[in-house]
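The structure under discussion appears below in the form of structure tokens.
The numbers here are math on the coordinates, done by the rules we state, and not lab data. Since the structure is predicted, the reported quantities are computational estimates derived from the model, not experimental observations. A quick note on method: Cβ atoms are made from the backbone with ideal geometry, for glycine too, and the neighbour counts reach across all protein chains shown.
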């Protein structure tokens, strides 16, 4: 049950465009009645606008047999669903859209996606009111050096993105990607995406390059992403960096929700500014909730206008067992700080410039300049004490016993980082397992 009712929303702008932004769909043929109901919630609000558009952030398929993610049947089902909105739409790929066993390579899988939707992985769309939409897709799954779920933009497509943003210096640019970018300030899942180094766009491949583009491109007004399956009811489901609004987009499907809430975003754009709304699929989507409103000529940065309280009995938005990331700012020197939820964080500035944090029994590595988590170093420090060897840069986990001292040594990686790989490439592991099975049969 929602603790805060949806307030009434303003009418769509007469001189602008209303855009529905769909989060991870994960369409399941067994649950299509529910998806059609949610689509009707959104269409009702699109019909209220003179001009409207739809953008899907990818991850089209669920796990049901016959429409597995990335398969042709999945694409067919998604195309039928998206066409059911009855207006133009664009979409980007998500990490699950290239994982079908029906195709032997990422290139072949991507070609099937392109043919199905008659589009390209990267696109630009002018929607009037001097507003430009830009979409960036991931194009790698099987070939990922680490987690197959890292959302990765190629160098070619990143160069295209930089050029396209620069070419629209006089426009108002809205960007759409499956995963958010490093430094955006949105809530992340520590025990899932940060642990497996697939939280941010190009998480393991110069992820800071995207926020660098934002900081030098004031024409980028907003950036929408999904990936985390989180609702819009957190204070950091919308964040603002360098006057760019970063927006987390929730889910429609009951099987996809992580926090018990299903929502869709609505973006209204007009020549003078934009508004961001939420559609609540639990209440029939009757009223839009206004989450942010900004006029381009305002002297102040955009700011959310509503933050909904969470469901936890203690009043905190992120419940302790959700694995969501909660952090304060790093201390200037090594030291510990008390978090708002009563927990303790300890920070370690490594001799080589790396930044580590110990929180909730886990040791985590941060990007030192942006102060954003990059990956986990150790999953369970327990009651051991953390010491840093300033000469070697080694981290020592020390536990004193009655019969002596037990020490575990964590050495930096060859590139100077400390984060560990907890999830290898699943596709390659699958191929290795199949090859081993064939060898076993052959050698019998």
Distance in nm between residue 219 and residue 333 label points, each 7 Å along Cα→Cβ, equals 4.7
Contact order relative to length for the chain, counting C-alpha pairs under 8 Å separated by 6 or more residues, stands in percent at 14
In degrees, nearest 10, the alpha-carbon axis of helix 32-47 is tilted away from the dominant principal axis of the alpha carbons of the chain by 60
Note to self: C-alpha centroids of region 62-90 and region 109-149 sit apart, in Å, by 15
Checking 51, 400, 139 against a Gaussian network model of the chain (alpha-carbon springs below 10 Å), the top fluctuating residue turns out to be 400
Note: probe point = Cα of residue 15 + 7 Å toward Cβ; backbone nitrogen < 11 Å; residues of region 244-286 passing the test are 270-273
CD proxy, 222 nm, the chain: helix-only mean residue ellipticity via -39,500 (n - 2.57) per DSSP H run with n ≥ 4, per residue, nearest 500, stands at -5500 deg cm²/dmol
In degrees, nearest 10, the alpha-carbon axis of helix 72-83 is tilted away from the dominant principal axis of the alpha carbons of the chain by 50
Of the convex hull enclosing the alpha-carbon atoms of the chain, the direction-averaged projected area in nm² is 25.3
In degrees, nearest 10, the alpha-carbon axis of helix 106-117 is tilted away from the dominant principal axis of the alpha carbons of the chain by 20
With 0.36 nm assigned to each residue of separation and the Cα-Cα distance removed, residue 120 to residue 50 gains 22.5 nm
